Amino acid sequence: MNAREAAGGSTFLGLPTSPRGVGHLRGDEPFPVAARRALADAQLRRNLGRATTTIRAKRARVVAELPDWEELREAGSAIKAQTMANLDGYLTQLEAEFTARGGTVHWARDAVEANQIVTGLVRDTGATEVVKVKSILTDEIGLNDALAAAGIDAVETDLAELIVQLGHDRPSHILVPAIHKNRAEIRDIFLREMAGVDPGLTDEPAALAEAARLFLRRKFLSATVGISGANFAVAETGTLCVVESEGNGRMCLTLPRTLITVMGIEKVVPAWADLGVFLQLLPRSSTGERMNPYTSMWTGVTPGDGPQDVHLVLLDNGRTAALADPAGRAALHCIRCSACLNVCPVYERTGGHAYGSVYPGPIGAILSPMLTGIEDNASLPYASTLCGACYEVCPVKIDIPSILVHLRARHVEEARHAARAPDPEAAVMAAAAWTMSSPARYAAAQAGGRIGRLFVRHGTIRRLPPPLSRWTRARDAPVPPAQTFRQWWRREHQDPR
Amino acid sequence: MTAREDVLARIRTALGDRQSPPGQADPAPGQADPAPGRYRTSSGLSAGDLLSLLTDRLSDYGAAVRSCTPAGLAATVEAALAERGARRAVVPPGLDLPGIDLSGPDLPGAGLPGIEYTTDDGLTARELDTFDAVITTAALAIAETGTIVLDGTPGQGRRALSLIPDYHLCILRDSQVVGLVTEALPLLGARRPLTWISGPSATSDIELSRVQGVHGPRTLEVILVAAGG
């Protein structure tokens, strides 16, 4: 099936996307508008440039240590593909195993339903405060807002999430949600917002971490309800797995009496042994460490150890709509390492807020539109130069550039079906997908491209006629060569010397 | 239709293109690893090389390492505690430490003068927070990643025990060291609560500069006990 046929509407199958008006998958403005403002913030660009440079080097160093890195990537990709192809079977198996060991499983169609379930569970305990492990999913569904509306205070315990929460801010990175803030800005937030903080607090990272330790210690020791996400859930054994660094996860997963885990249905993996692959891929890709400091695994309830009332909420929220698109469903393979953000030339300059969704960067540019429907995140598939760096580093080999092009084509098709004219760039991308899927069409188009030489002034193309003028307004177009590579090849190889 | 039925029905609709009909397409997980044997499942290192790799990787992430013979274990434990200035240590039920009387808080001085041992009998989180140190064993260690794994069996304690005190002293026998993550998983019981520990707690949330010591123990020390004897 080529991209054009896939985009013809047969892939949606009427499956509902994530509902509007709840959670954080949609921005208030299109990417180009938000990006332009972000680009004007010199402090933001310095913070991002410094942080992404550091993490790229760390990742490269630990990945190079493993002789079987490519084999692990292949295995990760294959396991995820197998999981998606049998998702119904693995989820029911996970449910049976988790339930058999004393846990309770809940199913939620969307964000609204998941928020209702979690709020109800917390209400049943009588708690008015809950401690949370970092979880992008609970941010995706706007859980903290829902809890607040029910009079329940949700305390973020990951340092970066705490910085974001105290700063009344939004996360801008999957791994390091406060990557856009530097130490001085963080110190100011703590001095302003953290109850009982030492007024002499310096901006040394160690001092800031110590302030968070003292502030949260009291919360941990008295917490009765913990809320977490899950990095992996093993169908074979019913085991849930959370990776972290600070120990806040262990506190939330161990000390409260009640533990509620909210998980997207795509996070299940088939077998216990599969963790041997992902626990190598994830930390090296994510923090650039051989292993993250703490990994917790639990299966239902263990008498005398940890929470005795354990819940798992399995959430769809647009994931089945993404699964219905055969050319795009690999976006669900993502293990949230954030390596693609750190290598992306677009992300490095705009930061995460410009994407408008809790999933920023290259993976967000494909995942967010698939969860919401492309119409609601229509600018994101274009927020890329298609340079391919994201695909190179992805630990489960998601071909993000191809899915971006596919989604651009889908966007054009959907806009056409809705009888609205797509913008010119979208039309060009759809045409490109059609052209490049046939060698004959591609050759003809290349020959035609040489007409562009008519616009050459001083060795470059400064201005093309409308609608292509929108492209050349911001940059010069390269001059098409006098002959294409194919023409050169044919001439070289048909003329005997 | 319940949410469960609805979500499962959506998945089956979404997978309308799959080859086998739903219900028959589910291979028995655990027997269907799609890429077995392509990545490493054995490090091939000698016992000596495993130990030096583990020591190197533990140290690299800020964990202290010391070695001893079985006969020297008690003295090594007490020396480690004394060096950190730990006066009150909590231990899990079932911890076997020949040479140290762990029988209770009422017998201070059973070991080195001034160190008091308490066995966890369901202490509250606040009570655990009053101890200087916790001593445990582990289920195994992974050399390549510098990881120790606790599974809550006797001598290792429940998860809160090794979390709340600020100094974790972990006793490991040489024979418990494996090379790779893929070698560790088959040895671990999936249904035990597991804690994988690689160095002291840490954060890189501020400008991605690593700070050691946040909520979990700020000091992790591993004692490697040589085989035999």
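The values are calculated or read from the model by the stated rules, or taken from the named source; none is laboratory data. Note that the structure is a prediction, hence the values are computed from the model and not measured. Here the Cβ positions follow ideal geometry from the backbone for every residue, glycine too, while neighbour counts run over all protein chains shown. Accessible surface is based on the protein model in full, side chains and every heavy atom, while ligands, DNA and RNA are left aside. Shrake-Rupley method; radii C 1.70, N 1.55, O 1.52, S 1.80 Å.
Remarks
- Qualifying residue in region A:196-206 (condition: surrounded by 24 or more Cβ atoms within 10 Å (Cβ to Cβ) and within 11 Å of chain B (Cβ to nearest Cβ)): no
- If you go through region B:141-159 and keep only what is of a type outside the set (Ser, Thr, Tyr), out of contact with any Cys (no Cβ under 6 Å at 6 or more places or on another chain) and either at negative phi or open to solvent by 20 Å² or more (accessible area, probe 1.4 Å) (or both), you end up with B:Ala141, B:Ile142, B:Ala143, B:Glu144, B:Val149, B:Leu150, B:Asp151, B:Gly152, B:Pro154, B:Gln156, B:Arg158, B:Arg159.
- Qualifying positions in region A:358-401 - part of a loop (DSSP other than H, G, I, E, B), among the small types (Gly, Ala, Ser) and open to solvent by less than 10 Å² (accessible area, probe 1.4 Å): A:Ala383
- Apart from one condition, A:Lys181 fits all of (1) assigned to a loop (DSSP other than H, G, I, E, B); (2) modelled with pLDDT of 95 or more; the exception is (2).
- Scan of region B:131-186 for residues that are under 11 Å from the mean Cα position of the chain (by Cα), hydroxyl-bearing (Ser, Thr, Tyr) and assigned to a strand (DSSP E or B), ordered by number: B:Thr136, B:Thr137, B:Thr147
- Residue that is farthest from the other protein chains (Cβ to nearest Cβ), among those in region A:341-370 that are farther than 17 Å from A:Val405 by Cα and hydrophobic (A, V, I, L, M, F, W, C): A:Ala354
- Of all the residues in region B:170-212, those that are farther than 29 Å from A:Asp68 by Cβ, modelled with pLDDT under 95 and more than 7 Å from chain A (Cβ to nearest Cβ) number 1.
- Subset of region B:60-94 [of a type outside the set (A, V, I, L, M, F, W, C), in contact (Cβ under 8 Å) with a residue 60 or more places away in the chain and either open to solvent by less than 20 Å² (accessible area, probe 1.4 Å) or closer than 17 Å to B:Leu220 by Cα (or both)]: B:Asp60, B:Tyr61, B:Gly62, B:Arg66, B:Ser67, B:Thr76, B:Arg84, B:Pro92
- Boolean, A:Arg257 is in contact (Cβ under 8 Å) with a residue 60 or more places away in the chain, open to solvent by 10 Å² or more (accessible area, probe 1.4 Å), in contact with a strand residue (DSSP E or B) (Cβ under 9 Å, 6 or more places away or on another chain) and at the interface with chain B (Cβ under 7 Å from one of its Cβ atoms): no
- Condition check for A:Arg217: part of a helix (DSSP H, G or I), farther than 26 Å from B:Leu220 by Cβ, within 10 Å of another protein chain (Cβ to nearest Cβ) and open to solvent by 10 Å² or more (accessible area, probe 1.4 Å): no
- Counted residues, region A:154-169 - those being within 21 Å of the chain's Cα centre (by Cα) and either more than 10 Å from chain B (Cβ to nearest Cβ) or assigned to a helix (DSSP H, G or I) (or both): 9
- Residue pairs meeting the criteria (Cβ under 7 Å; at least 6 apart or on separate chains; first in the same structural domain as A:Ala235 (by TED's automatic domain parsing) and at negative phi, in region A:101-125; second assigned to a helix (DSSP H, G or I) and open to solvent by 50 Å² or more (accessible area, probe 1.4 Å)): A:Val105/A:Thr99; A:Trp107/B:Arg4
- Where A:Gly151 falls short, out of the listed (1) open to solvent by less than 20 Å² (accessible area, probe 1.4 Å); (2) part of a loop (DSSP other than H, G, I, E, B): (1)
- Some residue of region A:58-66 being assigned to a loop (DSSP other than H, G, I, E, B), more than 10 Å from chain B (Cβ to nearest Cβ) and open to solvent by less than 20 Å² (accessible area, probe 1.4 Å): no
- Condition check for A:Ser245: buried (at least 24 other Cβ atoms within 10 Å of the Cβ), within 18 Å of the chain's Cα centre (by Cα) and among the small types (Gly, Ala, Ser): no
- Hits in region A:81-109 (condition: more than 9 Å from chain B (Cβ to nearest Cβ), crowded, with 22+ Cβ neighbours inside 10 Å and not in a helix (DSSP H, G or I)): A:Gly103
- Selection status of A:Lys181, under 30 Å from A:Ser368 (Cβ atoms), open to solvent by 30 Å² or more (accessible area, probe 1.4 Å) and not polar (S, T, N, Q): yes
- When the residues of region A:278-324 are filtered to those that are more than 7 Å from chain B (Cβ to nearest Cβ) and of a type in the set (Val, Ile, Thr), the one that is surrounded by the fewest Cβ atoms within 10 Å (Cβ to Cβ) is A:Val301.
- When residues in region B:164-179 are screened for being of a type outside the set (Phe, Trp, Tyr) and more than 21 Å from B:Leu50 (Cα to Cα), 4 of them pass.
- Tally of residues being open to solvent by 40 Å² or more (accessible area, probe 1.4 Å), away from chain B (no Cβ under 12 Å) and of a type outside the set (Asp, Glu) across region A:110-135: 4
- Criterion violated by A:Met263 - all others in (1) within 26 Å of A:Thr92 (Cβ to Cβ); (2) open to solvent by 30 Å² or more (accessible area, probe 1.4 Å); (3) away from every other protein chain (no Cβ under 11 Å) satisfied: (2)
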